Structures are given as structure tokens and as C-alpha cells.
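Values in this text are rule-based calculations from the coordinates and carry no lab data. Because the structure is a prediction, the values reported are computed rather than measured. Using ideal geometry, Cβ is built from the backbone for each residue, glycine included, and neighbour counts are taken over all protein chains shown.
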Amino acid sequence: MIINQWVPAAHRGDAVGDSARRVRDLVRALGHQSELYALTIDDDLKHDVRPFSDPAARRGDLTIFHFALPSPMTSAFASLSGGRILQYHNVTPAAFFAPYDPALFRLAALGREDLSTLVGHVELALGDSDFNRRELETLGFEPTGVFPIAIDTSRVTNPVARPALERLLDDELVNFLFVGRIAPNKKIEDHIRLAEHYKRYVDAYYRFIFVGRYDVVPGYYATIRALMSEFRLLNDRFVFTGPVPDEELAVYYRHAAVYISLSEHEGFCVPLLEAMAADVPVLAYAAAAVPDTLGGAGVQFAPKNLEYAAELLGTLTFDDDVRAQVIAGQRRRLADFGDARITRDLANVIHQLS
């Protein structure tokens with residue numbers, strides 16, 4: 001059987017594209033032919049991902065379309081004669097972008113409109129979390145199911161030496177980590193407010209590290225910087241790295257005391273799994289798909305009381321017994337995302353539609 005996948009953009013380090021390449025390899029291991037096709041492809045992936053213009057892209061017995069943004073792939077997917085599987089990775093609600101970027105507001109709004117055109121044109125609609133599956137069901141897709149992102153955690157667990165970076169991080173300050181783009185749904189302003197509470201009530205020797213692009217929504221990033229000035233926080237306690245190679249990302253995880261997620265909209269949130277794989281305790285606001293991904297692991301809280309979160313952060317940082325219990329729970333949860341489970345779910349989907 002030929003089982004192909006479509007993804008609008010193939011970028012190394014992007015969760016959707018990385019997952020699709022991993023799923024392709026698992027499909028091949030099950031004995032099927034499988035290729036991944038994309039509209040745009042990073043130069044270093046052109047040997048591994050095929051262009052969508054290749055006529056073979058439309059010849060799959062089953063085609064899995066990874067949807068995360070509007071693209072010409074949507075109408076092409078709807079017109080396929082073979083089996084069609086939608087894999088939904090969510091679209092950030094447009095309202096988050098309204099105060100900062102009209103173009104991104106429009107793109108997000110178009111994304112949901114584009115998604116709705118596929119209702120009635122797929123044999124199976126999968127969310128990578130139950131949160132995403134419920135949204136598909138609300139839109140009218142049927143049948144629906146859950147197929148999680150296939151993640152290779154080795155990029156954050158492989159032992160890599162970066163002596164200069166390690167010396168910078170291994171000082172008297174405690175490192176708190178966030179990984180992802182600096183975007184309004186991530187609520188980075190709440191990290192700044194959390195830092196103010198933590199400094200005031202718990203400990204003054206801290207450093208918040210944000211690994212990921214900060215140029216996606218420039219107006220939002222400027223708002224974050226303005227809030228830091230308003231609180232008169234020390235700039236050197238807040239590090240915005242921009243994108244980093246995997247080797248450096250692994251070092252940031254290795255030197256983090258706690259991983260913090262205060263996001264108010266996530267479709268899955270791969271960094272939660274990366275933190276668990278790196279044995280970094282997770283402190284997370286329980287919103288959107290975050291509870292689905294953590295599955296009871298980490299330390300989750302709601303409502304968003306940042307004074308309370310600062311206390312939890314202090315406990316996770318300094319109470320070794322609590323840290324050990326949380327890490328043990330995270331290890332158990334991480335096993336649910338291993339290749340054995342992904343392969344089993346993949347085989348079931350293929351059997352269901354073959």
C-alpha cells in the first residue's frame with residue numbers, strides 16, 4: 001500500500017514536519033511505501049522530502065494531510081480519490097493576534113475557514129490531542145480520533161558538550177526554561193509577572209530563558225520588553241535566544257531547573273515532552289491541550305494565580321523529594337508517546353481504512 005503524507009512546509013526543528021518524517025519511517029517499517037510531500041522544503045531536507053509538485057503526491061492509497069495553516073494543499077486534498085486522513089495540529093485563534101498583527105490575525109482566521117471546507121471530504125479526522133479532536137467534532141468532522149505527534153526526543157537527550165554555553169548557565173542563578181516562538185497565545189507577559197512574584201516572595205537568584213523566535217510578532221515582543229521595564233526587572237535575568245541548533249537546545253534543557261508553560265492555547269505542545277525526556281520538572285497552566293499532553297504528569301494549576309504559581313515554582317526548584325516524584329511521574333507519562341504506541345495506533349488507522 002502507498003501511504004503518503006502532505007505537510008505545507010518542511011522545516012527542520014518544526015514539530016509538525018519532524019513528526020511527519022518520523023511517521024513516514026514507521027509506516028515504511030510496517031511494510032508500506034511512504035513519502036512526504038511539502039510546498040516549501042528547507043535546503044537540508046530536499047534529499048528527504050519531495051516537492052508537492054511531484055505527480056506522485058496524488059497517487060497514495062491513503063494520504064495523511066497535516067493541517068496547521070491555510071494552503072493550496074487543502075483543496076487538492078479534498079479532491080483526492082484515495083483514502084483521506086486529516087491530521088489536525090490546530091490553528092491559533094485569531095483573537096490572540098488582533099492587538100498586534102493584522103496580517104497574522106487574517107491568516108489565523110483564514111486557517112479555520114480553510115479547515116471547515118474539508119468537512120465531508122475526509123474518511124477520518126484525527127487530532128494530535130483530544131482537545132484538537134473535540135474541535136474537529138464541533139466543526140462537523142466524522143469519524144474522529146486521536147493520533148499524537150511522533151516525537152524524537154533524542155535531540156534533547158543526546159550528550160553534547162558546549163563548554164562556553166554551559167559555563168554561562170552554570171552560575172549562581174536558577175534557570176527557568178520556555179521553548180517556543182514568542183507569540184501572544186504563549187502568554188510570555190505572564191512569565192514576566194511570574195518572575196516579579198518569584199523575586200518578591202521566593203528567591204532573587206533566577207534567570208528566565210526563552211528559546212525560540214522572537215521576531216514572529218514584533219509588536220508583541222515589544223510589549224514584553226515594555227513590561228520588563230515597567231517592573232524594573234534586570235535585563236540580564238531574561239534571555240531571549242532566538243532559534244538555536246539542537247545541540248544548544250539540549251544544553252538549555254540540561255541546565256533548566258523547571259520548564260514553565262503559561263500558554264493559553266496549545267494544540268499539543270511538544271516542548272512538554274522534551275522537558276519530560278530531559279528530566280526537567282514541568283510547571284504548566286492547565287489550558288487547551290496541555291492537560292491532554294501531560295496526562296496528569298508535571299505540576300499543573302488553574303485558575304491562573306501567578307502568586308500561587310510562584311510558590312509552586314519554588315517548591316519544584318528547591319524540594320528534592322517533590323522534584324523526584326514529579327520526574328518519576330513524567331517518565332511514566334513519556335512512555336505513552338514511545339514508538340511502540342505510535343506504531344500500534346498507526347497500524348490500527350491503516351487497518352481501519354484499508
- Message: Helix-only estimate, please: 222 nm mean residue ellipticity of the chain, summing -39500 (n - 2.57) across DSSP H runs of length 4 or more and dividing by its residues, to the nearest 500.
- Response: -12500 deg cm²/dmol
- Considering the options Pro102, Pro72, Asn90, tell which one lies farthest towards the positive end of the dipole of region 9-143, charges being +1 on Lys and Arg and -1 on Asp and Glu at the Cβ, about the Cα centre. Pro72
- Item | Student exercise, the chain dipole from Lys, Arg, Asp, Glu Cβ charges, in Debye to nearest 20 | 340
- Item | Identified option (computed semi-axes √(5λ) of the Cα gyration tensor in Å; candidates [x] 28, 23, 20; [y] 33, 21, 18; [z] 36, 22, 19) | [z]
- Task: Sorted from largest down, give the three principal axis spans of the alpha carbons of region 3-150, whole angstrom values.
- Result: 46, 36, 26
- Query: Which listed residue (Ser116, Leu283, Ala9) has the Cα farthest towards the positive end of the charge dipole for the chain, taking +1 on Lys and Arg C-beta and -1 on Asp and Glu C-beta about the Cα centre?
  - Reply: Ser116
- Message: I'd like the distance between the alpha-carbon centres of region 191-215 and region 61-99, rounded to an integer number of Å.
- Response: 36
- Only Lys, Arg, Asp and Glu count, each charged at its Cβ (+1, +1, -1, -1), so figure out the dipole size of region 154-336 about its Cα centre, rounded to 20 debye. 280
- Query: Which net charge results for the neighbourhood of Glu123, defined as the other residues with beta-carbon distances under 11 angstrom from its beta-carbon, given Lys and Arg at +1 and Asp and Glu at -1?
  - Reply: 0
- Item | Residue among Ala57, Ala29, Ala108 with the largest mean-square fluctuation in a Gaussian network model of the chain, springs linking Cα atoms under 10 Å | Ala29
- By average C-beta atoms within 10 angstrom, highest first, the peptides 37-43, 272-278, 284-290, 98-104: 272-278, 284-290, 37-43, 98-104
